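Asks: Here you go, one structure.
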Amino acid sequence: MSDAGRRPLRILCLSPLFVPLANAEAFVGAKLALALMDRGVEVHTIYDGIFPRSEGMPVDDSPSWARLGGVTEALTEPPDAGRMGRLLKSLRYGASGGWIDLALRRARELHAQKPFDWVLSRSVPRRAHVAGYWCARQLGIRWAVSINDPWEYFFAPEWEGKRPS
């Protein structure tokens with residue numbers, strides 16, 4: 001509860017990998033959202049809609065995630081976003097600037113309708129945390145980072161030519 005118990009705590013969760021994508025990170029994010037909901041927290045999750053629609057990406061549309069249907073939304077940068085716009089967003093936010101910009105705009109809209117108390121960013125990919133930082137800063141609310149595995153794929157050592165003994 002927030003405001004001395006008068007209303008449920010509201011959390012904006014930024015989790016680029018999320019169900020219906022069938023992958024470990026997506027499942028962890030979804031299970032975290034469900035656990036928060038079980039504790040009476042109002043959670044709204046924004047994820048990157050490009051993943052479940054990508055060819056060859058596994059999808060889990062099982063009833064396990066049904067409760068999340070009304071509190072999640074996919075944001076996908078349109079392919080015709082324009083080079084200049086992409087460049088400017090990338091200069092400001094780094095890689096995936098288009099998705100981050102969409103998340104920020106949507107967060108402001110949602111916050112104006114019904115304010116959030118916290119922003120929670122889920123890893124991986126790290127763009128969740130870049131978006132989390134900017135959302136918290138622009139909305140003037142607290143930010144929590146959930147990093148269950150801090151090593152993204154590009155930090156992994158080169159294994160080419162090495163064989164396990």
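The values are calculated or read from the model by the stated rules, or taken from the named source; none is laboratory data. Remember, predicted model here, so these are calculated numbers, not experimental data. For accessibility, only protein heavy atoms count, side chains too; no ligands or nucleic acids. Shrake-Rupley method; radii C 1.70, N 1.55, O 1.52, S 1.80 Å.
Asks: Any idea which residue in segment 31-51 is modelled with the lowest pLDDT, counting only those that are assigned to a helix (DSSP H, G or I) and within 15 Å of PRO125 (Cα to Cα)?
Replies: By that ranking, first place goes to PHE51.
Asks: How about segment 13-30: which of its residues are in a helix (DSSP H, G or I) and open to solvent by less than 10 Å² (accessible area, probe 1.4 Å)? Can you show your working first?
Replies: Of all residues in segment 13-30, those in a helix (DSSP H, G or I) come to 24-30.
Within segment 13-30, ALA26, GLY29, ALA30 qualify.
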